[in-house]
1. How do 167, 137 line up, fewest other C-beta atoms within 10 Å first?
2. Quick check on the exposure proxy: order 173, 55 from fewest to most C-beta atoms within 10 angstrom.
């Protein structure tokens with residue numbers, strides 16, 4: 001009888017230890033996810049502040065749009081190949097819903113170096129915002145567009161039209177880019193953070 005009780009007690013102790021271990025692991029994963037979300041939000045707010053400082057009219061454009069997305073990117077190019085990765089967030093201005101996203105970029109051509117830049121997309125209407133969030137978006141090949149100047153651009157000064165209803169600001173370490181370049185770049189939902 002004593003051996004049976006000891007066997008049952010050991011089983012319960014092992015079972016409780018396993019439950020406790022799995023609970024700790026789940027809590028650690030949740031904490032990591034919350035921290036990553038917070039980091040993406042903080043970077044997005046920093047990028048928006050930089051954009052508004054460089055182009056004050058952009059604030060009204062972002063706030064009055066159907067929504068916006070902010071991405072932070074770092075690319076590396078070594079000789080004939082390069083790539084970039086980044087994280088970002090898309091926000092529906094009406095509902096305030098956030099969607100965490102990723103981006104990946106491939107580059108070809110001669111070169112060497114590291115390039116950091118940030119991108120802010122502004123969506124004129126719900127259709128293009130929802131399409132961007134739910135279907136992702138991709139630049140093919142190499143697309144270059146000149147940003148509109150204050151004299152030409154009105155509320156979208158400093159941005160380039162990259163698709164119907166979609167405007168893009170590109171910020172480098174030196175400020176707002178006068179020419180916006182997108183190279184085989186894909187934007188899509190971050191399944192780990194949503």
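No value in this document is a laboratory result; all are computed from the given coordinates. Note that the structure is a prediction, hence the values are computed from the model and not measured. Here Cβ is always computed from backbone atoms with ideal geometry, including for glycine, and neighbour counts include all displayed protein chains.
1. 137, 167
2. Final ranking by Cβ density, sparse to dense: 173, 55.
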